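The values are calculated or read from the model by the stated rules, or taken from the named source; none is laboratory data. Not measured: the values here are computed from a predicted model. When we count neighbours, we look across all protein chains shown, and the Cβ atoms used for this are built from the backbone with ideal geometry, even at glycine.
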Amino acid sequence: MKVSRPRPEWYMTQVKEKVYRTWSHDDKMRIYGMRRQGVPLDVIAQVYDATRIQIANQIRLARRAMHNECRKCSAPLPARIVRRIKAKGLFGGLCKHCEEQARQGKKRQRQKNLKLGLCGTCGKRRVLKGHTACRWCISAGHRRRYQQNLCGQCGRNPIAEGSIALCEACRIKNNQRAREYRYEHRQVA
Ligand SMILES: [Zn+2]
Ligand SMILES: [Zn+2]
Ligand SMILES: [Zn+2]
């Protein structure tokens with residue numbers, strides 16, 4: 001039988017609720033600026049009512065973004081990716097390796113969700129029978145198009161025979177894209 005060992009008193013004191021917060025670009029840059037002016041981490045944490053770790057994370061993200069480095073591994077980003085980030089107005093980006101890792105992680109999570117009978121998109125609610133998402137994650141637009149027997153992707157053409165949701169043109173386009181993806185990511189021995 002498992003006997004629970006008594007815990008010291010400090011173990012049972014109230015633990016602060018973990019809060020996930022989103023940081024705007026401006027927040028990150030302001031925090032980074034404060035740190036560069038030599039403001040101690042504790043003081044910045046107090047100003048933003050955050051933990052030191054949260055502040056340190058924002059500083060690291062801002063520094064890497066400023067130096068055009070991968071926000072995960074700090075490898076220098078190729079000019080092509082830097083241009084894409086600037087064009088989209090994003091804050092920092094991932095190198096090719098980390099992006100691929102993230103993609104694989106997302107894919108694994110999606111498959112895990114579906115195996116457990118959960119929505120592949122949100123992973124919180126039950127998946128709808130015959131679908132890969134829950135009621136809330138299948139968009140209203142998609143449902144409307146389906147009801148009108150229109151392509152779920154472009155919404156212009158009727159659903160092709162033998163396809164669940166796409167018109168002939170979109171099906172060909174998707175197949176072509178999948179082929180290109182497989183070719184680009186093929187294993188080279
Ligand atoms: Zn990286
Ligand atoms: Zn969902
Ligand atoms: Zn279409």
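Let's see how each residue does on (1) away from ligand 2 (no atom under 15 Å from the Cβ); (2) part of a loop (DSSP other than H, G, I, E, B); (3) of a type in the set (D, E, K, R):
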residue: R110; (1), (2), (3): no, no, yes
residue: N113; (1), (2), (3): no, no, no
residue: G120; (1), (2), (3): no, yes, no
residue: G123; (1), (2), (3): no, yes, no
residue: L128; (1), (2), (3): no, yes, no
residue: W136; (1), (2), (3): no, yes, no
Failed condition for S139, given (1) within 16 Å of ligand 3 (Cβ to nearest atom); (2) of a type in the set (G, A, S); (3) closer than 26 Å to W23 by Cα: (3)
Positions within segment 19-30 being in contact (Cβ under 8 Å) with a residue 12 or more places away in the chain and either of a type outside the set (A, V, I, L, M, F, W, C) or farther than 15 Å from R71 by Cβ (or both), in sequence order: R21, H25, D27, K28
Helices (runs of 4 or more DSSP H) wholly inside segment 1-87 containing at least 2 residues that are of a type in the set (D, E): 25-36
Hits in segment 57-113 (condition: within 15 Å of ligand 1 (Cβ to nearest atom), farther than 30 Å from M34 by Cβ, of a type in the set (K, R) and surrounded by 12 or more Cβ atoms within 10 Å (Cβ to Cβ)): K96, R103
Residue within segment 146-165 that is assigned to a loop (DSSP other than H, G, I, E, B), free of Cβ contacts under 8 Å to residues at least 12 places away in the same chain and in contact with a helix residue (DSSP H, G or I) (Cβ under 7 Å, 6 or more places away or on another chain) present: yes
Flag if M12 is closer than 23 Å to A65 by Cβ and not basic (K, R): no
Pairs with Cβ under 6 Å, 6+ apart, first in segment 64-75 and under 14 Å from C98 (Cβ atoms) and of a type in the set (G, A, S), second part of a helix (DSSP H, G or I) and at pLDDT 95 or above: S74/R64
Qualifying residue in segment 172-186 (condition: without any contact (Cβ under 8 Å) to a residue 60 or more places away in the chain and surrounded by 14 or more Cβ atoms within 10 Å (Cβ to Cβ)): yes
Unique match (being closer than 22 Å to I31 by Cβ, under 17 Å from the mean Cα position of the chain (by Cα) and more than 16 Å from ligand 2 (Cβ to nearest atom)) among R60, R71: R71
Residue pairs meeting the criteria (Cβ under 6 Å; at least 6 apart or on separate chains; first more than 21 Å from H67 (Cα to Cα), in segment 93-110; second within 16 Å of ligand 3 (Cβ to nearest atom)): none
Single residue of segment 134-161 satisfying the filter (surrounded by 11 or more Cβ atoms within 10 Å (Cβ to Cβ) and more than 23 Å from K173 (Cα to Cα)) that is farthest from ligand 1 (Cβ to nearest atom): R135
